[in-house]
1. Report the net charge of residues surrounding Leu54, where surrounding means a beta-carbon distance below 13 angstrom and charges are Lys +1, Arg +1, Asp -1, Glu -1.
2. For the chain, max minus min Cα coordinate along each principal axis, in Å, sorted largest first?
3. Dipole of segment 1-57 (Lys/Arg Cβ +1, Asp/Glu Cβ -1, origin at the Cα centre): which of Gly26, Thr8, Leu40 lies farthest to the positive side?
4. Looking at Asn209, Ile221, Leu106, which one has the Cα that reaches farthest to the positive end of the dipole of the chain (charges on Cβ: Lys, Arg +1; Asp, Glu -1)?
5. On alpha-carbon atoms, Rg over Rh for segment 182-221 using Kirkwood Rh?
6. Distance between Cα centroids, segment 1-75 to segment 293-310: provide it in whole Å.
7. Please report the net charge: other residues with Cβ closer than 15 Å to the Cβ of Tyr360, K and R +1, D and E -1.
8. Need the full-extension length gain, Glu11 to Val329, defined as separation in residues times 0.36 nm minus the C-alpha distance. One decimal, nm.
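Just so it is clear, none of the values below were taken in a lab; they were calculated from the coordinates. Since the structure is predicted, the reported quantities are computational estimates derived from the model, not experimental observations. We place every Cβ from the backbone using ideal geometry, glycine too, and count neighbours over all the protein chains shown.
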Amino acid sequence: MRFPIFKTKIEGLNRKFNLLDPKEQGEYFQLKAGKEIEKLRNFLKENTFVAYLLGKKNSGKGTYSKMFAEVILPERIEHFSIGDMVRAIDLELKDEKKKKELLDYLDKNYRGRLSLKEIILALENRSTKTLLPTELILVLFKREMEKREKKTLFIDGFPRELDQIGFSLFFRDLIGHREDQDIFILIDVPENVIDQRIKWRRVCPICQNSRNLKLFPTSKIGYDEEKKELAPYRPPPKFGEGAGAGFYLICDKDDVKMVRKEGDELGIEPIRERLKLDGKLIEESFSLYGIPKILLRNSIPVKEAEKFVDDYEITPEYVFGWDEKEKKVKVKEKPWVLVDDEGIKSFSLLPQPVVVSLIYQMVDVLNL
Ligand SMILES: [Zn+2]
């Protein structure tokens, strides 16, 4: 299954944008998709749709849908994560009053193969390996929807199993979005990109914000001089040695060293099975009739890049060096070349051009 490459390059346009700057990002979207954004905005003031995000773990589902909302009409669009919903239930179960409300709701609305007792046990003793039954996920989701005003939904985390794909086709009826257009958004990201996102991920111990030492650093980079003192014979690190050479990120908000979570150094190894299943989910969803599909592609072969995208739309790689004289970390930026799942040398796109392609395809699907 190959996803088409979307052209975001506009011939004859030489302006460059710094997509990390919010103001320039706004101008970028206006220039690349201004008319389409206006159409979607007008439509979503009065109408809603339901979109299912299908992509491998860490493929950027949240990033793309949140950016779409931000650019179009944030107050009318919601990114809804099933994982977050289940985590919130953990808290409810710890509060006696809320626990009772939840049980009363389930008593009235839940039908399924497990008894209520077994359900509570499943909720309380859940590890990441045991999955909650689909009937339960559906009823919990319905409960969440009843609490809120009706908005456009990007659903993240459902369908998560092959047998849930069928359910998703009737999902909008269940949550009272009967007349809404439903859409599958399929995301294609090379596993190498996912691997590097995990391996170089760093998390702030205070605000839990996560960044990436190689692909998305903070504005301040630290260097562990102690390490050097421990090994005085070691030559100063060369550019590109990164974390192993003592470089670390400093949280822009809290001014503390960001750290690697245990297990992240293994990259995709521990989630290989999950990625395989996610891949199957994407394939099965792709072959369904009736429901429109939007195809988002993260990577682009190096050979084709010039025809389709602008340089500043490509994810750079950051490398660091220690300037002994100035006692300062020097940062260099270069294009990041990776090998995609088919062995083709590729670039990875920044989220903005992928969201431009989402905007154009959404206008098409909704016939605007
Ligand atoms: Zn922080």
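1. Taking every other residue near Leu54 into account, the sum is -1.
2. Sorted largest first, the three principal extents are 71, 52, 36 Å.
3. Farthest towards the positive pole: Thr8.
4. Ile221
5. Answer for segment 182-221: 1.14.
6. 15 Å
7. Charge balance in the 15 Å sphere: +4.
8. Computed gain between Glu11 and Val329 is 110.7 nm.
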